[in-house]
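What follows is a set of notes on a single structure, which appears directly below.
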Amino acid sequence: MHILLIKTFPLSLDDWERVGIIDRELELFKNISKTDNYSFSIGSFGDEGDLKYAEKIKPIKIIPFFKKNYFKNSFLFKFIYSFFLPIIFKENFKTFRIIQSNQFWGSWILILCKLIFRKKIILRQGFDF
């Protein structure tokens, strides 16, 4: 079963590395991938720079949502663009059986995938605002 993990909007893998939580956040998924019939991809709100973590987080695959986005430094345009991710990455999203968010911020992408592609979703919320 292929599962997509969507990071907290608007964070990248670089952000996780900078604060020292990348290993902690992904260790569980890496271990599950080794023992069960599950594979994971992570949707990051980073650019092509996030691909440098491919070897570190293997076997998890990386989808940098803003790889080709010209507005990646503008929060407003990133936010607006994020609503179109299910369409822009349609072929990717279709391959996942379950889509999980890492936090509430970014969950609108899951909801859109639920509505458009009828995907199962898992909404994780680590803290209350």
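Toward the positive end of the charge dipole of the chain, with +1 on the Cβ of Lys and Arg and -1 on the Cβ of Asp and Glu, the farthest Cα among 46, 19, 109 is that of 109. A Gaussian network model of the chain, with springs between Cα atoms under 10 Å, assigns the largest mean-square fluctuation among 32, 62, 22 to 32. A simple charge model with +1 on the Cβ of Lys and Arg, -1 on the Cβ of Asp and Glu and nothing else charged puts the dipole of the chain at about 520 debye relative to its Cα centre.
If you count, for each residue, the other Cβ atoms within 10 Å and average over each peptide, how do 49-57, 88-96 line up from highest to lowest?
Working: 49-57: 15.8, 88-96: 14.2.
Going from most to least packed, we get 49-57, 88-96.
Largest first, the three principal axis extents of the alpha carbons in the chain are 39, 35, 31 Å in whole numbers.
Read-outs throughout are calculated quantities, based only on the coordinates presented, and are distinct from any laboratory measurement. As the structure is a computational prediction, the values presented were derived from the model and not from experiment. Positions of Cβ are generated from backbone atoms using ideal geometry, with glycine treated the same way; all protein chains shown enter the neighbour counts.
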